[in-house]
1. Can you tell me the orientation of helix 90-142 relative to the chain, as the angle in degrees between its alpha-carbon axis and the longest Cα principal axis, to the nearest 10?
2. Take Lys8 and Gln25, extend 7 Å from each Cα along the Cα→Cβ direction, and tell me the distance between the two endpoints in nm.
3. Work from the charge dipole of the chain (Cβ charges, +1 for Lys and Arg, -1 for Asp and Glu, about the Cα centre) and give the residue of Thr88, Ser124, Ser75 farthest towards its positive end.
4. Within the accessible area of segment 29-106, what % is carbon and sulfur when the probe is 1.4 Å and the other protein chains stay in place?
5. May I ask for the angle, rounded to the nearest 10°, between helix 2-26 and the longest principal axis of the chain, with both axes built from Cα atoms and the value confined to 0 to 90°?
6. How much length would be gained if the chain were fully extended between Arg116 and Ala133, taking 0.36 nm per residue of separation minus their Cα-Cα distance, in nm to one decimal?
7. In a GNM of the chain with a 10 Å cut-off on Cα contacts, which of Lys59, Lys127, Lys102 has the highest mean-square fluctuation?
8. Which of Leu66, Leu35, Leu84 moves the most in a Gaussian network model of the chain with Cα springs under 10 Å?
Amino acid sequence: MAVEKTGKIQEIKETVSCAVEIMRQIRAPGVQESLGKIMDMGEVVQDIIEALKTPEMVKNIENFRLITQNISDASEKMHSTIKLMEETGVIHEAKEFARSAKGMMDLIGNTGQDLREVNTAVKSMFKSVQVLAEDLRPAQSRY
């Protein structure tokens with residue numbers, strides 16, 4: 001039992017010794033400066049918490065919540081609309097229509113140039129026939 005008491009007294013001495021060391025460390029200028037900074041940060045945090053409790057900030061936070069909920073709802077509606085469009089085949093038909101229109105535009109693009117060349121050639125041919133006809137008129141009137 002005496003050994004147990006001696007052990008307990010030793011533990012108390014060590015604890016007190018550690019507490020004294022901690023108290024000495026707390027008095028050090030670097031620790032005091034750090035504790036001061038912690039206190040300043042605590043005051044800033046407390047000011048922020050108080051500012052968040054003002055009616056204006058409460059209203060702003062509620063507005064952000066409503067905006068977020070509205071965006072989420074709109075996203076869900078768009079997702080379901082797209083899913084419905086896919087199920088009904090509208091998107092597939094639109095893709096096919098776009099491919100068909102592109103193919104037609106490509107065809108017209110190439111044919112358009114060819115048509116312009118044919119048009120120019122026909123105009124040139126009519127002009128040549130007209131010139132020939134004018135040249136032949138005096139000869140025809142002689143006969």
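The values are calculated or read from the model by the stated rules, or taken from the named source; none is laboratory data. If you're wondering where the values come from, they're calculated on a predicted model, not measured in any experiment. Positions of Cβ are backbone-derived with ideal geometry, glycine not excepted, and every protein chain shown enters the neighbour counts. To get the accessible areas, we keep the full protein, side chains included, count just its heavy atoms, and leave off ligands, DNA and RNA. Shrake-Rupley method; radii C 1.70, N 1.55, O 1.52, S 1.80 Å.
1. It is inclined by approximately 30 degrees.
2. Label at Lys8, label at Gln25, 2.8 nm between them.
3. Ser124
4. C and S atoms contribute 67 percent here.
5. 50
6. Roughly 3.6 nm would be gained on extension.
7. Lys127
8. The residue that fluctuates most here is Leu35.
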